[in-house]
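Right, one structure below, let's go through it.
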Amino acid sequence: MTTTRHVVLNVPDVSCNHCKAAIESAVSRLPGIARVEVEIATKSVAVDLDAAGDLGAVKAAIEDEGYPVAGEHEFAL
């Protein structure tokens, strides 16, 4: 059985569709990413990672696009 992690990251600089597209594109290319969705209104990035997913790599990919990660919340699925 594969364990999936659901993490929501607080990314306060998300403000437009360009931000959304840049982050979703960068994160979706990483191994182990089952789903990524940026919500502009809540300034958050929801990510589902399988066992191969690396949360540190997700944060680094977002920050490499120019959007600092300010916090995270992990939820059990």
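What to note about this one:
- Here the condition is being more than 14 Å from Ala61 (Cβ to Cβ) and without any contact (Cβ under 8 Å) to a residue 40 or more places away in the chain; of Asn17, Asn10, it holds for Asn17 alone.
- Filtered by the rule that a residue be surrounded by 16 or more Cβ atoms within 10 Å (Cβ to Cβ), on the phi < 0 side of the Ramachandran plot, part of a loop (DSSP other than H, G, I, E, B) and not small (Gly, Ala, Ser), region 1-59 gives Val11, Val14, Leu30.
- Taking the criterion of being among the hydroxyl-bearing types (Ser, Thr, Tyr) and more than 13 Å from His6 (Cβ to Cβ), the only residue of region 29-64 that qualifies is Thr42.
A short reminder: the numbers here are calculations on the coordinates, not readings from a lab. Bear in mind that the values here come from a model prediction, so they are computed numbers and not experimental data. A quick note on method: Cβ atoms are made from the backbone with ideal geometry, for glycine too, and the neighbour counts reach across all protein chains shown.
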